[in-house]
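See structure below.
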Amino acid sequence: MSTKNSQLNPQEKPQKKKQIKLKDRRSKNDNSANTNEEDDDLIYGRHTVQAALKSERYLNRIWIISPLRYDPRFHTLLNEAKTKGTIIDEVDDRRLDQITQRKNHQGIAAQISPYEYKELHELISQAKSKTDQPVLLVADGINDPHNLGAIIRTGEALGIQGLIIPQRRAVGITSTVTKVAAGALENFPVARVVNLSNALAELKKEGFWIYGTVANDGELIHTVKFTGAIVLVVGSEAEGLSLLIQKNCDVLVSIPMSGSTPSLNVSVATGMAIYEIHRQRWSKNLRM
């Protein structure tokens, strides 16, 4: 099988990750707000913040409009968070517009504590404890937080047991990733490793079969039988899978294309590949 340096899912050009400092955090009625807080620690939106509260993830501070503060969906959760040290600020929509840079905050925003990554051995052990046929994702250098968040959301929804990402040259779990994942991260563990090749070698020792996704020259994905413990490896937006990572895969797979568009967005292509795995196992369970 060829290991040509091709990709399953590039997009035209990865967007450079921006770090935007929140403006005008301090107001006349909020003298304790930190004007140097950055967008990387901010989440907003009712579903996203509610999921973080339910998971008992520590939140440093929550800004919320008064009507929502006493809403049954949030009241008890907010009181529990407050007993753990979270600062609860009742503010108006104008203040939330300032904090979120006029994003769709839905009346609530929160400053989150840094994301706690799993160790690789913990992720493997946890995945095996949930099912005898675990499926893990490996992302080889995703740079756009929107793509990573969408991949996490799809992976969690379709029963994937977790994700492995590299420490360098790739986006980590930021507030944007958390927001796009729409609560999925609270039930979806992520491990961050120094060396992806070494991580794949460890996964092989643990009995996982490694499938790498490429644009061309791979086996057509619908003809591959995904059984047992498997790992699906997806490439970066611009470069796809590196040659080194391709060589560490047991099988390379491709999504057949029939239109004139030469490639797919990385999160879309990953979702299609995940669904094929899910479809095969779901169909098998129905027959049984």
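The values are calculated or read from the model by the stated rules, or taken from the named source; none is laboratory data. All values derive from a computational prediction rather than experimental measurement. Neighbour counts run over all protein chains shown; Cβ positions are idealised from the backbone, glycine included. To get the accessible areas, we keep the full protein, side chains included, count just its heavy atoms, and leave off ligands, DNA and RNA. Shrake-Rupley method; radii C 1.70, N 1.55, O 1.52, S 1.80 Å.
Among the trypsin sites (Lys or Arg not before Pro) within the stretch 156-210, those in coil by DSSP and having at most 14 neighbouring Cβ atoms inside 10 Å are Arg168, Arg169.
How large is the accessible surface per residue of the stretch 95-238, computed with a 1.4 Å probe and reported in Å² as a whole number?
41
The trypsin sites (Lys or Arg not before Pro) found in the stretch 224-288 that occupy coil by DSSP, while having at most 11 further C-beta atoms within 10 Å, are Lys225. Taking trypsin sites (Lys or Arg not before Pro) across the stretch 84-114, the ones in a DSSP loop with at most 10 further Cβ atoms lying within 10 angstrom of their Cβ are Lys84, Arg102.
Between Asp217 and Tyr115, residue separation times 0.36 nm minus the direct Cα-Cα distance comes to 33.0 nm. Taken over the C-alpha atoms, the stretch 143-260 has Rg and Dmax values of 14.4, 41 angstrom.
For the stretch 138-246, the Cβ-based charge dipole about the Cα centre amounts to some 220 debye (Lys, Arg positive; Asp, Glu negative; other atoms uncharged).
Amide H to amide H, with H built 1.01 Å from N, Ile142 comes under 5 Å of Val171, counting only residues 5 or more places away or on other chains.
The Cα atoms of the stretch 134-179 give a gyration tensor whose axes a ≥ b ≥ c have a/c of 1.5 or more with a/b no greater than b/c, which makes the shape oblate.
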